[in-house]
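Student: The following block contains the structure, expressed as structure tokens.
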Amino acid sequence: MEGVLTTLTRIRELREALDAERAAGKTIALVPTMGALHEGHLALVREAAERADIVVASVFVNPMQFGEASDLEAYPRTLDADVAQLEELGVSLVFAPTVDEMYPDGKSETVVQAGAVGFLYEGRSRPGHFDGVLTVVSKLFHIVHPDVAVFGEKDAQQLFLVKRMVRDLNMPVEIVGVPTEREDSGLALSSRNGRIEPSRKADALVLSQALRAASRSADQGVEAMLSAAQGVVQSDSGVSLDYLAAVDPETFRAIPDNHRGPARVIIAARVGDVRLIDNTMVSVD
């Protein structure tokens, strides 16, 4: 199977294919995606290929992590183009199940709860989102039984919660985070970027510009760092800020004003009808 891409839609078929690979001594990496692939996703695939013999990429738009039906309907679905890109990178298996295959009885009654951190930041703006994410990721782990799973650092809170789930539930999988891929302008790559109106692209750059301002001011302390980032956002009336915070990478809780050491600055904002997120690591002196 190695070197030949196979697209499967049934859980049973995927398990049978992977059982054969494991019997042959192959290691398996999983890259969970919702499709509409861009270079950020492909960077995850390349990392996975470095870490395992067989790369499984899942393409599934998970309804459990969408709060609004309109957002779910608007999410781009480009399976044929996704498969073509994955084939070029030597992916062995694409798992593209239907909603009925993943949730045969409708919305899952058994849910992995994200806990207190799941109600902060993204979780506050998107209630139930992380419960949906962790539930589907848990299902994928139980279906694939990967040795390693690869996620993007752009979704920093998601990555934190997946790592914590794996630790808390003793799941035998290594979680690897891959740095955010960006356009030359600094804009973090996202499947939502295609929905940004061309006239609003300059507004979208405010998120990465705010993060750079925070990084430049980190040597002046937490308050000065966040004030610098806030000033950049406030200078652009085309951006509606959702949140801007600095969190401890080990707990994903807000750091105190006297914090010294590593911190992750996170931001979310709306540019027109498109909601964007971004983050960066800094060292507060």
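The values are calculated or read from the model by the stated rules, or taken from the named source; none is laboratory data. Because the structure is a prediction, the values reported are computed rather than measured. We place every Cβ from the backbone using ideal geometry, glycine too, and count neighbours over all the protein chains shown. Surface areas here come from the heavy atoms of the whole protein model, side chains and all, with no ligands, DNA or RNA. Shrake-Rupley method; radii C 1.70, N 1.55, O 1.52, S 1.80 Å.
One line per residue, one yes/no per condition, for (1) touching a helix residue (DSSP H, G or I) at 6+ places or on another chain (Cβ under 9 Å); (2) in the same structural domain as LYS163 (by the TED database); (3) at pLDDT 95 or above:
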position: ARG77; (1), (2), (3): no, yes, no
position: ASP80; (1), (2), (3): no, yes, yes
position: SER92; (1), (2), (3): yes, yes, no
position: LYS107; (1), (2), (3): yes, yes, no
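Student: Tell me, which helices (runs of 4 or more DSSP H) wholly within the stretch 110-177 include 1 or more residues that are over 20 Å from ASP278 (Cβ atoms)?
Tutor: Of the helices (runs of 4 or more DSSP H) lying wholly inside the stretch 110-177, those with at least 1 residues that are over 20 Å from ASP278 (Cβ atoms) span 129-144, 156-168.
Student: Quick one: VAL232 ticks every box in (1) among the β-branched types (Val, Ile, Thr); (2) open to solvent by less than 30 Å² (accessible area, probe 1.4 Å); (3) over 18 Å from ALA156 (Cα atoms) except a single one, so which number is it?
Tutor: For VAL232, the failing item is (2).
Student: A further question follows. Identify, please: which residue in the stretch 40-58 is open to solvent by 20 Å² or more (accessible area, probe 1.4 Å) and out of contact with any Lys or Arg (no Cβ under 7 Å at 6 or more places or on another chain) and is, among those, nearest to GLU122 (Cα to Cα)?
Tutor: Applying the filter and picking the extreme gives HIS41.
Student: Of the numbered conditions (1) closer than 29 Å to ASP131 by Cβ; (2) small (Gly, Ala, Ser); (3) in contact (Cβ under 8 Å) with a residue 60 or more places away in the chain; (4) surrounded by fewer than 21 Cβ atoms within 10 Å (Cβ to Cβ), GLY90 fails exactly one; give the number of that condition.
Tutor: Here GLY90 clears every test but (1).
Student: If you go through the stretch 10-39, how many residues are surrounded by 13 or more Cβ atoms within 10 Å (Cβ to Cβ), not in a helix (DSSP H, G or I) and not charged (D, E, K, R)?
Tutor: 12
Student: Which residue pairs have Cβ atoms under 6 Å apart, sit 6 or more places apart or on different chains, and have a first residue in the stretch 65-80 that is without any contact (Cβ under 8 Å) to a residue 40 or more places away in the chain and a second that is surrounded by 13 or more Cβ atoms within 10 Å (Cβ to Cβ)?
Tutor: So the pair list comes out as LEU72/PRO63; LEU72/PHE66.
Student: Of all the residues that make up the stretch 59-94, how many are under 15 Å from SER191 (Cβ atoms), assigned to a helix (DSSP H, G or I) and polar (S, T, N, Q)?
Tutor: Qualifying residue count, the stretch 59-94: 2.
Student: A further question on this structure: If a residue must be assigned to a helix (DSSP H, G or I) and closer than 24 Å to SER199 by Cβ, how many such residues does the stretch 230-245 contain?
Tutor: Here the count works out to 4.
Student: Collect the residues in the stretch 190-210 that are open to solvent by 20 Å² or more (accessible area, probe 1.4 Å) and either small (Gly, Ala, Ser) or touching a residue at least 60 places away in the same chain (Cβ under 8 Å) (or both), keeping them in residue-number order.
Tutor: SER190, SER191, ARG192, GLY194, ARG195, GLU197, SER199, ARG200, ALA202, ASP203
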